[in-house]
Ligand code: FES
Ligand code: FES
């Protein structure tokens, strides 16, 4: 196999994995960063969303080789203490049910707020429709994004 | 089903080595084999009988007492509640701990919650049937109240006064007519030496003085969920563990005829290929390598004749079983149909197992820990008492994890492989080897002039070659769809308003929810052209009356659900926002089935493979949801399932109001 040096959540790590291995499994199986979730493996559910620099990507369909030196942020690295404004809003509004999809929801929403600090309802819907939640927490996700955007104005 | 009281509860206390007290509570015996999911229609798909054990403990609990944690108070005042039910987003950890904390008069910030391992002395650990609140409300109150009594007795002894001269404030025993106070933590050692009082001496609070029950407590795991630290079944990591994934026959009932694993074994990262009861398993250093290795397997399947099965063949069988329609002169009749529905939890089935020659340790995100422990014993060829089974968080249950096929498979795989394994089910595995909600047809017949005589002939495909199981709200879903759509049809045939017409069918408690939902929804207000409002009522398990009013628009063959108003009576509300969340969840769950349908069966197998062809509703399809509870002092009844059954009929009735078109088959489609 090949050694690759990655920057994950601000730290440099070396992984020994084939270049075609999707990042999702690099995180989960090799680095034991299990906050990033598997839901579909084909880019359909958004559970595995992480940031490459500030761009959200589906880690289940992003091979290791594609990272190309960019900084990776997973849910564990979004904030040091779980105190990112979105994380706080998600707790405050009791968004999660089973919670399994929530890292992907939060990472997707966080990237949106970087790009569009005050997104319109349509922009939120257009972005968040890419992340599935079987428990039906969509309305509260919408509120949490709105609340966070308001607080950041 | 009426909320059952726990069998006699026994409480013992003991000291914790490091200082503190531990209450071990007997919540009624539960043998490993009598724990079948009584709350759901039995799935006939269990292929072999459960192992029989002689370990079920009945009668005198003191004869064989498992010291197990139920309530622990440490010297520093930390209070740990062990919850003998599985958490899958319904909020059971928080709610049961709130009940204990209420009667204990604890300071909520000192409460920690853990999930119990599978055990014999927790009573029935099945988490299904929306039963956790109704069956545990009394016993969890009693646990808290008993501990409070003992803490008071400890303080009274310390101060040399009578217990009647003591009271509590959150987390502290106080002297009624004095200024002395001692925190629970400082009393725990002494309290542990006190004999638990008999139930007759333990006073429960008057519900009007509740200060924790009925207030917003959020979810105890929320901070870990948002930070990614929460551990689900698929997140468990063991040293030396390998990943396993199984190639199973795509055709239901098929078996491996022969296989060639040369290419699989040559795949980088693959460490072994083994055959187990359910198929051919690939073990690898990473999930990715396991998936690649599985793709490289060459397998010839013996399909055992099941390739004849299809949706249409099953539908035909069901229709043949129906009685002819009611021949009464003014009777009308209608047939309603459901396909097979998958569960589609975002976390597919996963299980971690470490089976050795004399012990098997399992991490199974299961809704039925005791049954899981028994089948893990069977899978690893060990007696049940040599199995330890931990229950991590569940990334969506919906009834799928009442079946333990994945747990047995993991235990067997670990035993055969001779090493710790994590069993991985892909999305396709999860979708194609589900225990589906059975396909059904339901013929409703009756006369518009007599709404009390509706006849429902429901035929469910329980045993027609496709594996079936429990699915949130089980057969109440097709039953409520047929009944509530048909009541709407009768109302229109009678020229009556569907709300008024339906009202005459309901008892006062049910009517209260109907009236509340209708009022909040503005029933009767005019809507724009192409819009319609529909109403439906259902009383889940006969205990949680729930009414849904749906507002839809119909445009160019497209059905869009804009607003759902729900009113329900679930008795005393423990954690109010959780009730609202569960209804929002029920709406989303039902809406996926209503608008997107289930799976297709062709040539004995499920055709769909992932979310692209078996969609669930997305963010932009979610309607506004408003939830109203009828004020009640009745015992809590359960809310996990109540919201699901009335959703589809309310939408179908709204589509009729909007378009004049009656839709009787799920998914609802106008084209
Ligand atoms: S797991 Fe990556 S999008 Fe679903
Ligand atoms: S909270 Fe359960 S899948 Fe979203």
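A few notes on this one:
- Lone qualifier among B:640, B:597 - being in contact (Cβ under 8 Å) with a residue 24 or more places away in the chain, closer than 23 Å to residue B:484 by Cβ and buried (at least 24 other Cβ atoms within 10 Å of the Cβ): B:640
- If you filter the stretch B:606-631 down to residues that are away from chain A (no Cβ under 14 Å) and out of contact with any helix residue (DSSP H, G or I) (no Cβ under 7 Å at 6 or more places or on another chain), you find that the one that is nearest to residue B:251 (Cα to Cα) is B:607.
- Qualifying positions in the stretch A:18-52 - in contact with a strand residue (DSSP E or B) (Cβ under 6 Å, 6 or more places away or on another chain), more than 16 Å from ligand 2 (Cβ to nearest atom) and part of a loop (DSSP other than H, G, I, E, B): A:20, A:43
- Here residue B:243 fulfils each of the conditions (1) facing another protein chain (nearest Cβ under 8 Å); (2) farther than 20 Å from residue B:428 by Cα apart from (2).
- Exactly one residue out of A:34, A:14, A:73 is more than 15 Å from ligand 1 (Cβ to nearest atom), outside the structural domain of residue A:108 (by TED's automatic domain parsing) and without any contact (Cβ under 8 Å) to a residue 12 or more places away in the chain: that is A:14.
- Tally of residues being closer than 20 Å to residue B:588 by Cα and within 15 Å of ligand 1 (Cβ to nearest atom) across the stretch A:107-147: 8
- Annotation: residue A:120 fulfils all but one of (1) touching a strand residue (DSSP E or B) at 6+ places or on another chain (Cβ under 7 Å); (2) more than 8 Å from chain B (Cβ to nearest Cβ); (3) away from ligand 2 (no atom under 16 Å from the Cβ); the unmet one is (1).
- Residue in the stretch B:409-425 that is in a helix (DSSP H, G or I) and within 14 Å of chain A (Cβ to nearest Cβ) present: no
- Candidates are the residues of the stretch A:1-17 that are farther than 22 Å from residue B:269 by Cβ and part of a strand (DSSP E or B); the one that is nearest to the chain's Cα centre (by Cα) is A:7.
This table checks each residue for (1) buried (at least 19 other Cβ atoms within 10 Å of the Cβ); (2) in contact with a helix residue (DSSP H, G or I) (Cβ under 6 Å, 6 or more places away or on another chain).
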| position | (1), (2) |
| --- | --- |
| B:252 | yes, yes |
| B:263 | no, no |
| B:275 | no, no |
| B:280 | yes, no |
| B:298 | no, no |
| B:304 | no, no |
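- Filter pass, residue B:81 being under 28 Å from residue B:584 (Cβ atoms), outside any helix (DSSP H, G or I) and without any contact (Cβ under 8 Å) to a residue 40 or more places away in the chain: yes
- Only residues that are out of contact with any helix residue (DSSP H, G or I) (no Cβ under 8 Å at 6 or more places or on another chain), more than 30 Å from residue A:41 (Cβ to Cβ) and in contact (Cβ under 8 Å) with a residue 60 or more places away in the chain were counted across the stretch B:311-334, and they come to 13.
- Residue B:670 being in contact (Cβ under 8 Å) with a residue 60 or more places away in the chain, more than 30 Å from residue B:307 (Cα to Cα) and more than 16 Å from ligand 1 (Cβ to nearest atom): yes
Okay, residues lined up against (1) at the interface with another protein chain (Cβ under 9 Å from one of its Cβ atoms); (2) more than 24 Å from residue A:24 (Cα to Cα); (3) at pLDDT below 95:
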position	(1), (2), (3)
A:68	no, no, yes
A:106	yes, no, no
A:135	yes, no, no
A:146	no, yes, no
A:150	no, yes, no
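- Every condition in (1) at pLDDT 95 or above; (2) facing chain B (nearest Cβ under 7 Å) holds for residue A:82 except the one numbered (1).
The values are calculated or read from the model by the stated rules, or taken from the named source; none is laboratory data. Keep in mind it's a predicted model, so treat the numbers as computed, not measured. Methodologically, a virtual Cβ is constructed for each residue, glycine included, from the backbone with ideal geometry; neighbour enumeration extends over all protein chains shown.
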